[in-house]
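Asks: Here it is, the structure, as C-alpha cells.
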Amino acid sequence: MTDTTLPNRIERPSAVSFLAYAGALVLILWCLGGAGFSIDKVVSSPPRFADFAARAFPPNLEPGVLARLGWKMLETMQIAVAGAVIGVILSLPIAVFAARGLIAGPWVNQSLRVVLGFIRAVPDIAWALVFVVAVGLGPFAGMLAIVMDTLGFCGRFFADDMEAADKGPAESLAATGAGRLDVVACATIPGAMPSFVSTSLYALEKAVRSSTILGLVGAGGIGIELKVGFDLFDYPTAMTVILMIAVVVIGIEQLSGWARTKIIGEQR
Amino acid sequence: MISSVSDLREKAPVARHVRPEPTGTEFASVPVVDIEAQSVSKSFGDTPIFSDVSFRLVRGSSTALVGANGVGKSTLLRCVMGLIPATAGGVRLLGEPATGVRKSDLRALRARIGLVSQKHNLVPRLSVLSNVLHGMLGRTGGPRHWAHGFAPEASRRAAMEALDKVGLVHLALRRADRLSGGQSQRVAIARAIVGAPEILFADEPTASLDPQAGKDVMDLFMSLARENGVTVVFTSHNIDHALSYGDRVLGLAEGRKMLDATAVSLTASDLRGLYD
Ligand SMILES: Nc1ncnc2c1ncn2[C@@H]1O[C@H](COP(=O)(O)OP(=O)(O)OP(=O)(O)O)[C@@H](O)[C@H]1O
Ligand SMILES: [Mg+2]
C-alpha cells in the first residue's frame, strides 16, 4: 500500500538553511547601513515634510501656468509615444536574431543578448545625458533616450516571447519545406503576438514614466518644470507638476490595461 | 455541410497535378518506391521509443500505421520527414535521400510532401485561408504567401479549392483559433494537400471528425492515391479505417515493427492483438 499520511505543513529548517536565513538578515542590515539609514532622520522628517506640504499646497492652478504645463505635458507624451513606437519597431528584427533556435546561430543570439543587456543596464537618464551631448538639448534627445530604453527592454522580451511560443505551428510549416524566415513570419511571430502586445504596452507605460523626468537633464518634457519649481522654491508649481505626472501615468496605465484586454483577452 | 464535399470534388477536380506514373490498385509494370525507411531507430535521451523499423512503400499506395498510444507512430512520421533527427537509420523519399542531407535539399523534398499533424498546428491568430496558403510556402516562399491579403490570385484560388475539398469554403475568413476541433482538423488537411503533394503523411487525420466527415476525408485521400498517384500514409486508431482504406498495414508495438502485411490478408482481431 502507498503511504498516504499527510506531510507536515511546515518543515523544520535544516542547519544549512538556518545559516542561510541568518546570513540574509546580516546582508539586509549591512545594506541599510550603506544606505545611510538613520532612525533620527526618519523621526525628524515628518515635520519637515509637513513644512514642504504646507508651502506646496494649494498647488498652483493659475490658468497661465496650467496652460504652460499642459503643453509641456503634451510634449512629454509625444516624446514617450514616438520613442516607444520606434523602439518597438526596431526591437522586432533585433529580437528575431536574438531568439535562440530561430534564425541566427548561438553566437549571434548571445552577442545580441549581451548588447541588449548593456543597453538596459544604462539608465534612461544616462542615455538622455549622452544624447543631449550628441544631438543637443531638447525633446529629440529625450526621444532617442526612450528609443534606447525601449529597445533594451523589448528586444530582450520579444526574443523570450518568441522562444516561449508554441513550436507546433512552426514545425508544421517547416514540414511544408518553408524557409526559416517564412516560418518565423508565419508561425512564430503570430504565435507570440499576444505577448508582444503586452510587452509593447508595458514599454509604453515605462516610456511615459521615464519621459517625465528626462527634462531634469534638458532632454525635453515636463521634467524641466519640476526642476525649475524646486530650484526657485516655487513649491506650489512643483506640486502641480507632480500631480499632473501622477494623473497622466495612472491614466496611461488604465488605458493600456484596457487596450490589453481589448486586443488579447478577446480571442479566448 | 460535409455531405457537399463529394459534390464539390466533382466540380473542382483534383487533377491539378497528376504524377507521371499514375498507378491503380494493381501496380502497373514496375512499382516505384516513394518512401523507404532503413532500420530507423529513435530515442529521446536515454528512452528508446522504437528501433530497427524498415519499410518500403510504393507510389500511389495507401498505408495504415497502427499501434497503441505512445508507441511512437507520430515520432516515426516526424523522423521520416526529418523534422526530428532519427537516432539511427536512413530514409529515402521520392527516390532521394532524406537523412544526412543539406537543409536546402531537405526543404526542396518537403515541398513535395504534405503532412497533417496530429495536433493540427494551425497558426491561431491567422485566418483559415492564410493557414491553407501556408501549405504552399515550400514551393513558393516569400512574403506574398504569408497572409492571404497579399497572395497571388492563383494561390488564393488553389487554397479555396483545397478548402472546398474538405467542405470548409464558408469558413475561409474565420480565425483559426475560433474553429471547432473537427473544423481545425480539416483546415490542417487542406493545408497539407494544397501544394499538390506527391506523398501525404496524415497523423490521425480523422481523430476529431464525426463518422461521416471521417469517411469523406478518407475517401478524399483514396481519390488522391488512386487518381493522382499520391503515396498516402495515415495513422489511425480506427481498425475499420486501417483495414478498409489501407492497402497495407504497418503495426508498431514494443518499440518494434510487429506487423507488416497487406490489408486483405488481415482481420480486425489481428490488429487488436497489437494493443494487448
Ligand atoms: N519530444 C519528446 N521528448 C521526449 N519524449 C517524447 C517526445 N515526443 C514524444 N515522446 C514520447 O515518445 C513516445 C511516442 O510518442 P508518439 O507521439 O510518437 O506516440 P504515438 O504512437 O503517436 O501515440 P498516440 O497514439 O497517442 O498519438 C511517447 O511515450 C511520448 O511520451
Ligand atoms: Mg501520435
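The values are calculated or read from the model by the stated rules, or taken from the named source; none is laboratory data. Since this is a predicted model, take the numbers as computed values, not measurements. Note that we place each Cβ from the backbone using ideal geometry, even for glycine, and neighbour counts take in every protein chain shown. Quick note on the areas: whole protein, heavy atoms, side chains included, nothing else; ligands and nucleic acids left out. Shrake-Rupley method; radii C 1.70, N 1.55, O 1.52, S 1.80 Å.
Asks: I'd like the distance between the alpha-carbon centres of the stretch A:235-264 and the stretch B:162-215, rounded to an integer number of Å.
Replies: Cα centroid to Cα centroid, the span is 47 Å.
Asks: Then there's this: Quick one: with all protein chains in place, what share of the accessible area of the stretch A:60-267 is carbon or sulfur, to the nearest percent (1.4 Å probe)?
Replies: Accessible surface attributable to carbon and sulfur in the stretch A:60-267 totals 74 percent.
Asks: At a 10 angstrom cut-off on C-beta neighbours, averaged per residue, how do the peptides B:141-148, B:215-222 rank from highest to lowest?
Replies: B:215-222, B:141-148
Asks: If you count the DSSP beta bridges with both ends in the protein assembly as shown, what percent of them are antiparallel, to the nearest 5?
Replies: In the protein assembly as shown, approximately 55 percent of DSSP beta bridges are antiparallel ones.
Asks: Still on this structure: Using modelled backbone amide H atoms (1.01 Å from N, in-plane), which distant-in-sequence or interchain residues come within less than 5 Å of residue B:250's amide H?
Replies: B:64, B:65, B:66
Asks: A follow-up question, please. At a probe radius of 1.4 Å, figure out the B/A buried accessible area, summed over both chains, and give it in Å² to the nearest 100.
Replies: Buried area (both sides, nearest 100 Å²): 2000 Å².
Asks: Leaving ligands, DNA and RNA out of it, work out the accessible area of residue B:32 with a 1.4 Å probe and give it in Å² to the nearest 10.
Replies: Taking all protein chains as shown, residue B:32 has close to 40 Å².
Asks: Next up: Show the residues, 5+ positions off or on another chain, whose built amide H is closer than 5 Å to the amide H of residue A:219.
Replies: Hits under the 5 Å cutoff: A:138.
Asks: What helices does chain A hold that run 15 Å or longer along their axis, going by alpha-carbon atoms, with a Kyte-Doolittle average of 0.0 or more, using DSSP H for the helix calls?
Replies: Span-like helices, by this rule, are A:15-34, A:39-56, A:63-98, A:106-121, A:124-135, A:139-164, A:189-211, A:235-263.
Asks: When DSSP beta bridges are limited to those with both residues in chain B, what percentage is antiparallel, rounded to the nearest 5?
Replies: Of the beta bridges lying entirely in chain B, close to 55 percent run antiparallel.
Asks: Could you name the lysines in cross-link range of residue A:72, using Cα to Cα under 17 Å and dropping any fewer than eight places away on the same chain?
Replies: Within the straight-line limit of under 17 Å, residue A:72 reaches these lysines: A:227.
Asks: Continuing with the same structure: Residues of A:187-193, mean number of Cβ from any other protein chain within 10 Å of their own Cβ, rounded to a whole number?
Replies: Averaged over the peptide's residues, the number is 4.
Asks: Another question about this same structure. With θ set to phi - 60° and the Karplus curve 6.51 cos²θ - 1.76 cosθ + 1.60, what are the ³J(HN,Hα) couplings of the stretch B:70-82 in order, to the nearest whole Hz, using x for Gly and Pro?
Replies: x, 7, x, 5, 5, 4, 4, 4, 5, 5, 4, 7, x
Asks: Given B:103/B:165; B:73/B:257; A:262/B:119; A:206/A:262; A:167/A:262, which pairs have Cα atoms separated by over 22 Å?
Replies: With Cα atoms farther than 22 Å apart: B:103/B:165; A:262/B:119; A:167/A:262.
Asks: Once you put a point 7 Å from the Cα of residue A:254 and another 7 Å from the Cα of residue B:96, both along the Cβ direction, what distance in nm separates them?
Replies: For the pair residue A:254/residue B:96, the computed spacing is 6.1 nm.
Asks: Related question: Given a 1.4 Å probe and heavy atoms of the protein chains only, how would you sort B:46, B:210, B:34, B:260, largest accessible area at the top?
Replies: Largest accessible area first, the residues go B:46, B:210, B:260, B:34.
Asks: Next question. So what is the relative contact order of the stretch B:24-178, in percent, for Cα pairs below 8 Å that sit 6 or more residues apart?
Replies: Taking the mean separation of contacting Cα pairs over the length of the stretch B:24-178, I get 18 percent.
Asks: Given H placed 1.01 Å from N in the peptide plane, which residues other than close sequence neighbours of residue B:114 have an amide H under 5 Å from its amide H?
Replies: Counting only residues 5 or more places away or on other chains, the set is B:198, B:199, B:200, B:201.
Asks: How high is the relative contact order of the stretch A:60-267? Use alpha-carbon pairs under 8 Å, at least six apart in sequence, and give a whole percent.
Replies: About 28 percent, as a whole number.
Asks: For the stretch A:60-267, just say rounded, prolate or oblate: build the C-alpha gyration tensor, square-root its eigenvalues into a ≥ b ≥ c, call rounded for a/c under 1.5, and beyond that prolate if a/b exceeds b/c, oblate if not.
Replies: Here the stretch A:60-267 falls in the prolate category.
Asks: Now a separate question. Calculate the all-directions average of the projected area of the stretch B:132-176's alpha-carbon convex hull, and give it in nm².
Replies: About 3.1 nm², averaged over all directions.
Asks: With everything on Cα atoms, drop me the angle between helix B:153-165 and the longest principal axis of chain B, reported from 0 to 90° to the nearest 10.
Replies: 60 degrees
Asks: What percent antiparallel are the DSSP beta bridges of the stretch B:180-276, to the nearest 5?
Replies: So the antiparallel bridges in the stretch B:180-276 amount to around 55 percent.
Asks: Here is a follow-up. Heavy-atom accessible area per residue, the protein assembly as shown, 1.4 Å probe: how many Å²?
Replies: 49 Å²
Asks: Using a 1.4 Å probe on the heavy atoms of the protein chains only, list every residue of the stretch B:76-119 that has 20 Å² or more less accessible area in the complete assembly than in its chain alone.
Replies: B:78, B:83, B:107, B:110, B:115
Asks: Quick check on the protein assembly as shown: take the gyration tensor over C-alpha atoms, sort the square-rooted eigenvalues as a ≥ b ≥ c, and tell me if it's rounded (a/c under 1.5), prolate or oblate.
Replies: It is prolate, given that a/c is not under 1.5 and a/b is the larger ratio.
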